[in-house]
Amino acid sequence: MSIEITGREQWQAWQDGVLPPVERVADGLWSIPVPIPDNPLRYVLVYALEAADGLVLVDAGWDAEESWLALTRGITSFGYSVAEVRTVLVTHYHGDHFGLAGRIREASDARVAMHSLDAAELKSIPDSVELWAGAIGDHLRRHGAPEGMARSAAGGLELERHLRPPMPDLLLEDGMTIPAGGRELRAVWTPGHTPGHTCFYEEGQRLLFSGDHVLPRITPQIAVVRQGQGDPLSDFLLSLERLDRLSVDEVLPAHEYRFRGLSRRVAVMAEHHAQRLKELHSLLGDGPGVTAWTLAGQLSWSRPWDSFSPTNRRFALAETLAHFRLLEMRGEAHRAEGAPVSWSLAAA
């Protein structure tokens, strides 16, 4: 089942490994690629909607000077300035989507909107790099990572960029509507990638601003990154079903390129996770009492486990734990607390 690519210039730029152009998607709606330095995703697509008193943005971009220049020049290219931004709607709290929101607010007095659950995630961020890296390292060791790998993976991100982020002015909830000129955007709560991930639906032209929840080529990371973090994979799969019930003509994702065929893409993503659950269940059958770290190294990834950096191994562990959590909720897997935590098939 294939999708129909509508962002042809974006697709070509993706193939060529370059930044796509600023594009007029529809009357009063623009797509602005904002680079993410040193990241394989390369850019975030920030969407700008023209309103009577200025602009409404969906997402903001990574907090770096290169990103800021791309955003401001992009806005200028269709006759506005960043000072005319009135609202920034943030799909989720990750740095490539939220990072520039504070700087935009300083330049324009724009209000920044985010789902209340992701705002709570921001508040929970430790006050220092040392505390955060320590918590990450403890989590990795708890699930079987060797000491040296835990230290390397915990220090593998620019954590300083995410400390003490600006808090949003408006807390979004599912179903809230935000006017944007002649359009009205409805917040659609789609947890999974983050607890408060939110898509925005424009019913008039049947457009879905899908953030990271639905991308045309890859699936977003669904991860358990700390103890007691619910069941994000179940949340994600239920959110896919919710989106599939909407009448959508075109999907405007935060990465890669625009496309048609939401239902087909949702089906492919759901099947991907179904197959991963089957694979993990099968590996558990090979023997009881195995750690998530060990099994993460045995799963079928897009690249060999030996080629993964410490940071990517951390991400892989977090995804593996999300699948374990769903198997546990279904009564198919059993978790044994210990040092480290181990997993086995649940007793019949």
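The values are calculated or read from the model by the stated rules, or taken from the named source; none is laboratory data. All of these numbers come straight from a predicted model, not from anything done at the bench. All Cβ positions, even for glycine, are placed from backbone atoms using ideal geometry, and neighbour counts span all protein chains on display. These accessible areas exclude ligands, DNA and RNA; they are computed on the full protein's heavy atoms, side chains included. Shrake-Rupley method; radii C 1.70, N 1.55, O 1.52, S 1.80 Å.
General remarks:
- Accessible surface ranking that places the most exposed of Glu279, Glu250, Glu256, Glu106 first, with a 1.4 angstrom probe: Glu106, Glu279, Glu250, Glu256
- Net length gained if the chain between Leu238 and Ser263 were fully extended (0.36 nm per residue, minus Cα distance): 7.6 nm
- In region 135-277 the Cα-Cα distances spread across 10 Å bins starting at 0 as 10, 33, 32, 19, 5, 0 percent of all pairs.
- For the chain, adding -39500 (n - 2.57) for each run of n ≥ 4 DSSP H residues and dividing by the number of residues yields -11000 deg cm²/dmol at 222 nm.
- Accessible heavy-atom area order of Asp38, Asp174, Asp306, Asp53, highest first, probe of 1.4 Å: Asp38, Asp306, Asp53, Asp174
- Extreme residue, positive dipole direction of region 48-157, given options Val88, Ala70, Ala107 (C-beta unit charges): Val88
- Here the scattering of region 236-276 is modelled by Debye summation over its C-alpha atoms, one equal scatterer each and no solvent; at q = 0.24 Å⁻¹ the log10 of I(q)/I(0) is -0.88.
- Cα-derived Rg over Rh, computed across region 187-246 with Rh taken as Kirkwood radius: 0.99
- Which of Gln15, Pro126, Ala267, positive extreme of dipole for the chain (C-beta unit charges): Ala267
- Net charge of neighbours whose Cβ lies under 13 Å from the Cβ of Trp14, counting Lys and Arg as +1 and Asp and Glu as -1: +1
- Mean separation of Cα contacts under 8 Å, 6 or more apart, over the residue count of region 56-153: relative contact order %: 25 percent
- Cα convex hull volume per residue for the chain (Å³): 133 Å³
- Here the Karplus curve 6.51 cos²θ - 1.76 cosθ + 1.60, taken at θ = phi - 60°, turns the phi angles of region 315-320 into couplings of 4, 5, 4, 4, 5, 4 Hz, with x standing for Gly and Pro.
- Expected-Rg normalisation [2.2 N^0.38 Å, Cα atoms] applied to region 289-348: 1.16
- For the chain: accessible area per residue (Å², 1.4 Å): 43 Å²
- With the charge dipole of the chain set up from +1 on Lys and Arg Cβ and -1 on Asp and Glu Cβ about the Cα centre, the Cα lying farthest toward the positive end among the listed residues Ser309, Val56, Leu326 is that of Leu326.
- Evaluated at q = 0.12, 0.17, 0.22 Å⁻¹, the base-10 log of the normalised Debye intensity for region 1-111, with identical point scatterers placed on the Cα atoms, takes the values -0.39, -0.77, -1.24.
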